[in-house]
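Please read the structure below before turning to the comments.
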Amino acid sequence: MKPQWQLRDSESSTHPTGRVALAIQYLGSNFQGWQRQGKGERTVQEEIENAIASVVDRHVPISAAGRTDTGVHAAAQVAHFDVSGPIPARRWAPILNTRLPKDIVIRGSAPVDQTWHARFSALWRRYRYTIYTDRNPNLFVRDLTWHYYHQPLDRDRMQAALDPLLGRHHLAAFHRAGSSRDHSWVDVQAAECYERSPFLTIEVQANGFLYGMMRLLVGLLINVGTGEMTPEAFTHLWQTERRDLVKYAAPARGLCLLRVGYPESPFPPEVWFDTQPKFEL
C-alpha cells in the first residue's frame, strides 16, 4: 500500500509543474556539507532529495541559496524544486518532515513563480559565528559554538577590524583554494561583533560568500581579539590579498547560515528571519 502522499504516474501527468520553495534548518555536524557528493557521503541535499523521491517515486533535484561546507549549520537555508502533482506547495513542509532525519527540519514551504530561483533571486546571505569563552566546557552548546577560552577576546578591537570590510572588496585573503569561482569580489553589507558573556558572536551579511570565507575571517579575527594583531594590520592583510598569511580557519561547528534575503520572501518572518536562538547563560 502506498503512503498517503505517494503519487502514481497518472496523478503527476494530470497536474502542471509548479515550483516549491523550502526554508530549511539543519545541524551540520553529521553532514559532509549541503551538496550531494555521489561518494556515499551523507549530505543535506541528498537527504531532502531522497525524501521528495519517496513521495513522487522519482528523483527531483533541488537547488539551494548556498552550499554550506562540512559541519556548517543552517537556521534558514532556502532551496527550491519543481514538481507536478496534487500536493499544495504549503503541504510539502509537514510531509517531508515525516520522512527526514532528526537533524533536518523544513520550517516552511511555499509556492513561487517559475522564474524565482533560490540562489539567483537572493540579494544577500547572512552568517553567524558563535564563540563560547567560558573556561568550563558546556555540553549543551558544544556542537554549535567554538569553545575558545585560551585568552580573553576584546569585542571592541574585533569590531574595529570588521568595520573596514563594509562595501565592495576583493577578499582573496579569505578565499580557500579549490573554489570554482573565478574572482573574489564581495559586497559586504553588514559586519558585527557583539557579546553576551560568555558568548561572543560575529555576524556578516553579503551578496555572496567565498569558499571558506567566514571561517578564515574568524580564524584571523581571533588574533585581533587577543591583541596579537591590530585592527589596522588585519585590514592591511586583506587589502593586500596576503592569503599566505591567513593560516587558520575557525572550526565549522560555530558557523551557521542564519538567513537569506530576497526582494520579497516567500515565507513569513517567523519562518526565516532569526531562527537560531542567541546563546546566553
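The values are calculated or read from the model by the stated rules, or taken from the named source; none is laboratory data. The structure presented is a predicted model; accordingly, all values stated were derived computationally and were not measured. Glycine gets a Cβ as well: all are built from the backbone with ideal geometry, and neighbour counts include every protein chain shown. The area values use the complete protein model at the heavy-atom level, side chains included, leaving out ligands, DNA and RNA. Shrake-Rupley method; radii C 1.70, N 1.55, O 1.52, S 1.80 Å.
Would you mind getting me the FRET efficiency between residue 183 and residue 105? Use the beta-carbon distance for r and R0 = 25 Å, nearest 0.05. Walk me through the intermediate numbers first.
Values: r = 35 Å, r/R0 = 1.39.
The calculated FRET efficiency here is 0.10.
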statement: In whole percent, the fraction of accessible protein surface over the chain that belongs to carbon or sulfur atoms, probe radius 1.4 Å, stands at 49
- line: Per-residue ellipticity at 222 nm attributable to helices in the chain (runs of n ≥ 4 DSSP H, -39500 (n - 2.57) apiece, nearest 500 deg cm²/dmol) works out to -5500 deg cm²/dmol
- request: Note down the magnitude of the dipole of region 1-154 about its Cα centre, charges +1 on Lys and Arg C-beta and -1 on Asp and Glu C-beta and zero elsewhere, to the nearest 20 debye.
  value: 140
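Rounded to the nearest 0.05, what FRET efficiency do residue 197 and residue 139 have when you use their Cβ-Cβ distance and R0 = 22 Å? Don't skip to the end; give the middle numbers.
Details: r = 19 Å, r/R0 = 0.86.
Efficiency, rounded to the nearest 0.05: 0.70.
Report the full-extension gain for the segment residue 242 to residue 60: residue separation times 0.36 nm, less the Cα-Cα distance, to one decimal in nm.
Between residue 242 and residue 60, full extension yields 61.3 nm more.
Around residue 127, what is the net charge, scoring Lys/Arg as +1 and Asp/Glu as -1 over all other residues with Cβ under 10 Å from its Cβ? Could the numbers behind the result be given before it?
On the way: positive: 125, 126, 128, 215, 259; negative: 203.
Counting the neighbours of residue 127, the net charge comes to +4.
With the cut-off at 1.5 for a/c, could you classify the chain from its C-alpha gyration tensor as rounded, prolate or oblate? Could you put the intermediate results ahead of the total?
Numbers: a/c = 2.34, a/b = 1.89, b/c = 1.24.
Prolate, since a/c reaches 1.5 and a/b exceeds b/c.
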- prompt: Lys/Arg Cβ at +1, Asp/Glu Cβ at -1, dipole of the chain taken about the Cα centre: which of 267, 164, 21 is farthest positive-ward?
  reply: 21
Rounded accessible area per residue of the chain, 1.4 Å, Å²: 48
- prompt: Which whole-Hz ³J(HN,Hα) couplings does region 61-71 yield from phi under the Karplus relation 6.51 cos²θ - 1.76 cosθ + 1.60, θ = phi - 60°, glycine and proline marked x?
  reply: x, 10, 10, 10, 5, x, 9, 6, 7, 3, x
